[in-house]
Structure formats: C-alpha cells, structure tokens
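The values are calculated or read from the model by the stated rules, or taken from the named source; none is laboratory data. Note that the structure is a prediction, hence the values are computed from the model and not measured. All Cβ positions, glycine included, derive from the backbone under ideal geometry; neighbour counts span all protein chains shown.
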Amino acid sequence: MESSHEVPALNEKVIPLDIEHPISIHRDILRRSPVEEMLGCENSLELSFLVRGEGRIYVGDTFVPWKETQIFMGAINEPRWISYLSYPSEKITVRFLPTIISEWGQNDDALVILDRFLAGQDLENRIVSLPPALAQNMMEILCLMEDEYTSHTFGWRMRLQSLLVALLTDLVRWEFAEGRPRTVTTRVAPYWKPVLIALSYIRTHFKEPIYARQIESITGLSEVALREAFRKTLDLSWIRFLERIRIQNAVLMLRDSSRNITEIAFEVGFESLSHFNRAFKAQTGLSPRAYVQKMGSSE
C-alpha cells in the first residue's frame with residue numbers, strides 16, 4: 001500500500017438501495033480523459049471487478065494499484081476514489097446491503113463473508129488477484145447478474161440474490177484453498193454476531209412493538225454495548241433500522257391503491273400516524289399521501 005497526499009477530485013455516484021432493491025449492478029466503460037470517481041454508499045457493501053484497464057483505489061491518503069481482473073471489496077460508509085490510469089477502462093460494480101448476508105443465517109459462513117468487506121483490515125487485503133479460470137467464472141456470473149438486473153423478468157430479484165451468493169461463495173472458497181484463514185480477522189467482525197441476531201428478530205417481529213430490553217435479551221448485550229455494535233457494523237441504531245424496515249414495507253403496501261394510509265401505518269408497527277408520516281418523509285422525501293399521488297400519476 002502506497003501513500004499519497006494528493007486526493008483526486010470527486011465525481012460522486014450514489015445508488016440508493018432498500019428492502020425492495022437490495023442489490024444493484026452497473027458496468028462503466030471509460031474511453032478517454034482522466035476520470036476520478038467517488039465510490040461507496042453509506043449503507044452498502046461493494047464488489048468491483050476491473051474488466052480491463054488500470055487504476056488506483058484511494059481510501060483517505062493511501063492507495064493501492066488496481067489492475068485488470070482484480071476484485072476490490074468496499075466497506076460500509078468508507079469514502080474511496082478511483083483514479084484511472086489507462087483507457088479504455090471497464091469495470092463492473094455490485095453494491096448490496098449487508099443485511100442480505102444476514103438473511104443467510106447467524107452462522108460463521110455469513111460472518112466470514114462480512115469480514116472480507118470490513119474496513120478494519122488493511123486496504124491491500126481487500127484487493128484480490130484472481131487466477132484466469134476464476135476470473136472467467138466471476139465475469140460470467142457478473143454478466144448473468146447484469147442481465148437479470150436490466151431485464152426485470154419473472155423472479156429476477158431472487159435470481160440476482162442467488163447469483164450473488166454463488167459469486168461470494170466461489171470467491172471465499174478459492175481463498176480458503178489458497179490458505180486464507182477460515183476465521184474472522186477484523187476488530188469489527190465480532191460485533192456482527194449479535195447484530196445478525198437482532199436483525200433477524202426485527203425482520204420477523206417488525207409489525208409488533210419492539211423495545212430495547214427485548215433486543216438486549218436476545219443478543220445478551222447491554223444497552224451501551226448494543227448501541228456500539230450497531231454503530232460499528234451498520235453505522236445506525238437498531239431503532240433506525242426498525243424504522244427503515246417498517247417504512248420500506250409500507251412503501252410496498254401503498255402501491256395497492258385500495259389500502260388506507262392510516263391502516264398501513266398501524267399494520268407495519270407504528271403507534272401513531274404522526275410518527276409514521278415523519279418517518280416516511282424522512283426516508284422517501286415525500287409524505288405518504290404525496291407518494292400515493294405520485295404512484296397514481298405514473299401509472
């Protein structure tokens with residue numbers, strides 16, 4: 001890893017993800033002129049595959065070289081930049097919510113995969129040089145993911161998630177075969193286990209009243225430790241995550257024009273309509289009524 005005091009100019013590119021769209025995939029082809037691109041979303045993990053070209057990935061005032069067929073694994077809420085050094089350059093980037101991995105269960109497999117993306121490890125450990133056969137396999141899976149993401153044919157969301165599972169599983173299995181330890185390695189990783197337990201409980205019970213004492217009981221953490229675990233892993237509180245789950249489910253329900261806003265607010269777990277309205281606007285930028293009107297005008 002090298003050091004530089006010249007941080008590239010920023011060209012911000014943010015792709016919002018939510019419960020309905022927890023994965024995005026994009027291909028970028030740069031044919032001319034030096035470009036610096038800001039990467040990273042506040043709530044998502046990232047896997048970027050450099051199909052061709054050469055560049056540098058910066059985090060803070062350090063950078064690592066990025067070469068053809070190498071994969072970079074990006075962490076949550078980590079400002080980082082690419083500076084391209086040759087043209088044409090082409091990359092495919094998958095961004096996904098870490099909560100997708102939490103849905104695979106509270107086991108060591110999920111923790112090991114999460115560990116590969118965490119910011120606590122050295123930057124060069126998140127650049128992976130793939131052998132030709134694996135690089136070809138990764139490229140084929142990414143192309144299938146790209147087709148599913150753009151086609152929106154029946155079952156595309158489930159197919160997209162299954163391809164992501166295959167991509168990450170093949171990558172980590174190869175690393176194990178190459179001698180990478182099968183244990184989590186970063187200081188942040190141990191926080192994930194209680195967080196995974198809490199996320200699973202919240203997904204199952206979000207329509208019900210949920211209190212801190214319940215989350216503390218199932219995770220075995222104190223109030224302070226629980227707050228710290230969520231801050232270090234998801235950079236938000238469990239209450240904020242619960243609100244997001246409730247609002248994202250409400251958004252899906254509001255697409256049914258026969259449903260009443262007040263009825264939906266209470267069904268997804270809010271105890272007052274005013275709280276629901278505030279939380280909905282904070283997440284979507286629109287009031288529930290304005291959202292319904294917007295959906296109606298777009299049909």
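Quick notes
- Set SER48, SER102, SER33: member being among the small types (Gly, Ala, Ser) and at pLDDT 90 or above: SER48
So that you can scan it fast, the table gives a plain yes or no per residue for (1) within 19 Å of MET73 (Cβ to Cβ); (2) crowded, with 17+ Cβ neighbours inside 10 Å; (3) over 16 Å from the mean Cα position of the chain (by Cα):
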position	(1), (2), (3)
LEU111	yes, yes, no
ASP122	yes, no, yes
MET138	yes, yes, yes
HIS152	no, no, yes
ARG159	no, yes, yes
SER162	no, no, no
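- When GLU263 is tested against (1) closer than 26 Å to ILE113 by Cα; (2) part of a helix (DSSP H, G or I), only condition (1) is not met.
- Contact annotation: residue pairs with Cβ atoms under 9 Å, 6 or more positions apart or on different chains, pairing a residue in region 209-227 that is at positive phi with a partner that is modelled with pLDDT under 95 and among the β-branched types (Val, Ile, Thr), are GLY220/ILE197.
- Whichever residue in region 124-136 is aliphatic (A, V, I, L, M) and within 22 Å of the chain's Cα centre (by Cα) and, among such residues, is farthest from ARG180 (Cα to Cα): ILE127
- Looking only at region 238-260, residues that are free of Cβ contacts under 8 Å to residues at least 12 places away in the same chain and outside any helix (DSSP H, G or I) come to 4 in all.
- Within region 216-237, tally of residues that are within 12 Å of ALA198 (Cβ to Cβ), of a type outside the set (A, V, I, L, M) and not in a loop (DSSP other than H, G, I, E, B): 6
Residue-by-condition table, conditions (1) of a type in the set (A, V, I, L, M, F, W, C); (2) in contact (Cβ under 8 Å) with a residue 60 or more places away in the chain:
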{"residue": "SER102", "(1), (2)": "no, yes"}
{"residue": "ALA110", "(1), (2)": "yes, yes"}
{"residue": "GLU148", "(1), (2)": "no, no"}
{"residue": "HIS152", "(1), (2)": "no, no"}
{"residue": "ASP170", "(1), (2)": "no, no"}
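- Residues that are more than 28 Å from TYR211 (Cβ to Cβ), touching a helix residue (DSSP H, G or I) at 6+ places or on another chain (Cβ under 9 Å) and assigned to a helix (DSSP H, G or I) within region 266-299 comprise ARG289, ALA290, TYR291, VAL292, MET295, listed in sequence order.
- First in region 48-62 and in contact (Cβ under 8 Å) with a residue 60 or more places away in the chain and not assigned by TED's automatic domain parsing to the domain that holds ILE23, second anywhere and among the hydroxyl-bearing types (Ser, Thr, Tyr) and surrounded by fewer than 17 Cβ atoms within 10 Å (Cβ to Cβ), Cβ under 7 Å, 6 or more apart: none
- Test: residue in region 61-84 that is assigned to a loop (DSSP other than H, G, I, E, B), modelled with pLDDT of 90 or more and among the acidic types (Asp, Glu): yes
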